[in-house]
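What follows is a single structure, written as structure tokens, with notes after it.
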Amino acid sequence: MGEDAESPKINHTFLRDYVTEADVISTVEFNQTGDLLATGDKGGRVVIFQRETESKGDFEEVGDTGDSGEYNVYSTFQSHEPDFDYLKSLEIEEKINKIRWLPQQNAAHFLLSTNDKTIKLWKVSERDKRPEGYNLKDEEGRLKDISTITSLQVPVLKPTDLMVEVRPRRVFANGHTYHVNSISVNSDGETYLSADDLRINMWHLGITDRSFNIVDIKPANMEDLTEVITASEFHPHHCHLFVYSSSKGTLRLCDMRASALCDKHAKLYEEPEDPGSRSFFSEIISSVSDVKFSHSGRYMLTRDYLTAKVWDLHMDKGPVETYQVHEYLRSKLCSLYENDCIFDKFECVWNSSDSVIMTGAYNSFFRMFDRETGRGVTLEAWRESSKPRAVLRTRRVYTGGKRRRGDVGVDSLDFTKKILHMAWHPAENIIAIAATNNLYIFQDRVNPDAHTQ
Amino acid sequence: MFPKGTKRKFADGEEAAPSEAPGPTAARALSSAYSLQRQSLLDMSLIKLQLCHMLVEPNLCRSVLIANTVRQIQEEMTQDGTWQIMTQALSQCPSDRLVASEVLCRQDPASQSPKPVPAALEQTLQEESYQEEVVMEEDSHAAPSPQLSGAPYLGPFSSSWDEEEEAEDEEEDSEESVSEPEEESRTEQVFGTFEIKQPPADPALEELFSDVDPSYYDLDTVLMQSPKMGPYDLLESLSHSPALSSTASCRSDLNELDHIMEIIVGS
């Protein structure tokens, strides 16, 4: 699915790329060490990539980090199947909305994957040995004729080819009436939250038949509904704190110690509206599509339609930093409203040191902002311009002034090529970008390098 | 800038229309065009809400945002007093014919330079004849690239004429309109879907309005007797008030509407 080299496309000079809907990647996530990268797609499949380690090779250079950095497919499995809600006569999509890894506790890896309604806990384990020498079964597993057994033997573990097994360990179903948009594992290692449009539930990883509802913003009368929850996340260090964002551009930090139901926020983060730029689209473009705590836990990063904002947890009056992702779209909001692009939900990520933030845009572009200098750069995740080992060159959208070679006009932007999902390696400068059905992995070496997968 | 004195909520950061003649006629045309655009945005929003009845449960966030936009337009129209005018205008016109409406943000394939289109039009054939009728202040300073032109005085609204990416929509130059009162019931229906499955939208509009505010209901009954107006009658009424001359769609036309909507929405 992520290996576009295996699926040569029709000559797309003349035809639009024909992408199988089911192959569209809908979420990307590194695990805590960065050795594993999981992607979920619209077809309900999860593909896990593992980073190759050079130490498995024949030689090791002194001082070598040991990682060649290439990510190869480790395992693929069907996480969710399409379902049908009989009460409402509506289909439930199998699309994987989010994947979150659990901190590793033993040899096996665990991840949570969710579609609109059901969260599942998967155990990913390796098996490279198998027992041989059973008394009652032969090599193929068939029962032996007892009369042929003359002696007893102890089964021995013999090495075998590496096998990756993925098994569902928990299914957290029936917790959500609305569509789950976020899951977040708590720092306590025991609980996690799942958020849908109107409610947030907290689950214990070991208990599937009940969950705690910690936020409920559903009005008594659905006609009065004007605001929904768009994203939610636990604080990386404080297990009692979590944040959720809304479609009106607000952030609410909640403290679970205050009460069982955290409808009352501990802190409300909202930027005062600029009356000068008010339009019919103001609310829509203020809707927060993603919220992420910084690794330090001190800041929050949010993404709304045109900007990415950094908020200081101690300052609720407004963001401390605002980055323009594609301000040139402000004059095209009406068109983008008509073709529904204005409702696209872009994700945003921090780098490992919280010094750089990254988010996606259109035309296969994505943007990185250096927080220290405030400067942004536009990069492209596009097969044609990214050859393996090639250096990523920066792109620019032409918005006036002197036009440089390679500049792309606003009208030439392809709005079907959206970079919505991405992930940043927790420790190194490796990023994974999902571009429709392709996965791009870029690395920063001593000499900036990039390769695609 | 706007001698008519109507309160403008769109503070345009860009240069406003410098070449506009600051006369009462121009001002009236301006505000008329603005109202037309606002009306079209309302139509578009209502259509978007209508499309929610699909196989998969619709996106609640999107529906809420569209509904809020509709409410916002409604509030503004009520404040401007145009809401009342609209209902009155419609109450005088009986008709049982579907009046198509051009949705905002679509470039007329017949003309290269974008022109604002009145909210309510006849079917395709007569559409082009409207182009000249509506006073186009903003056309005088259409940007060099037709795609980027707009009505600067409307601020972010100005992007309505940019349809570079909506190539497929250019085929579509007529649109059944959606009547105002549907929005309230639509909102209900949209959100109601998430509660308990409601029966699929019955094209019979009376049902839709069964539990709507009385004010909307009046509009609805009015719309059921849609005006048998000629295209020019429509424009005249528009110049007086940004009346929504769209009529409630007939049962048979909803299939057309679906078809058109499929095209607009894209894949």
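No value in this document is a laboratory result; all are computed from the given coordinates. What you see is a predicted model, and the numbers here were worked out from it, not measured in a lab. Because the Cβ atoms are built from the backbone with ideal geometry, glycine has one as well, and the counts that use them run over all protein chains shown.
Cβ neighbours within 10 Å, averaged per peptide: list A:38-44, A:400-406 in order, most packed at the top.
The peptides rank, most packed first, as A:38-44, A:400-406.
Report the relative contact order of chain A, percent, no decimals, based on alpha-carbon pairs under 8 angstrom and at least 6 residues apart.
Worked out over chain A, it gives 11 percent.
Using a 10 Å cut-off around each Cβ of peptide B:65-78, what is the average number of partner chain Cβ atoms that fall inside?
Per residue, the average neighbour count from other chains is 3.
Show me A:351-358, A:177-184 ranked by packing, highest mean number of other Cβ atoms within 10 Å first.
Sorting A:351-358, A:177-184 by mean packing, highest first, produces A:177-184, A:351-358.
Residues with beta-carbon under 15 Å from that of A:P272, excluding A:P272: net charge, scoring Lys, Arg +1 and Asp, Glu -1?
-3
By average Cβ neighbour count within 10 Å, what is the ranking of A:335-342, A:118-125 from highest down?
A:335-342, A:118-125
For the pair A:S259/B:R71, report the inter-label distance in nm, with labels modelled 7 Å from Cα in the Cβ direction.
2.3 nm
Which links in A:K267/A:K317; A:K123/A:K345; A:K309/B:K48; A:K42/A:K417 stretch past 19 Å when you go from one Cα to the other?
In this structure, A:K123/A:K345; A:K309/B:K48 exceed 19 Å between Cα atoms.
Is it possible to state the helix-based mean residue ellipticity at 222 nm for chain A, with each DSSP H run of 4+ residues giving -39500 (n - 2.57), the sum divided by total residues, to the nearest 500 deg cm²/dmol? What is it?
Taken over chain A, the calculation gives -500 deg cm²/dmol.
Within 10 Å of each Cβ of A:155-168, how many other protein chain Cβ atoms are there on average?
So the per-residue partner count for this stretch is 0.
Summarise the partner chain shielding of A:413-423 as one whole number: the mean count of Cβ atoms from other chains within 10 Å of each residue's Cβ.
What the average comes to for A:413-423 is 1.
Please give the Cα centre distance for the stretch A:267-287 versus the stretch A:308-362, rounded to the nearest Å.
13 Å
Where in the stretch A:136-202 are there GluC sites (Glu not before Pro) that are in a DSSP coil and have at most 14 other Cβ atoms within 10 angstrom of their Cβ?
Here the sparse-neighbourhood loop sites are A:E139, A:E140, A:E190.
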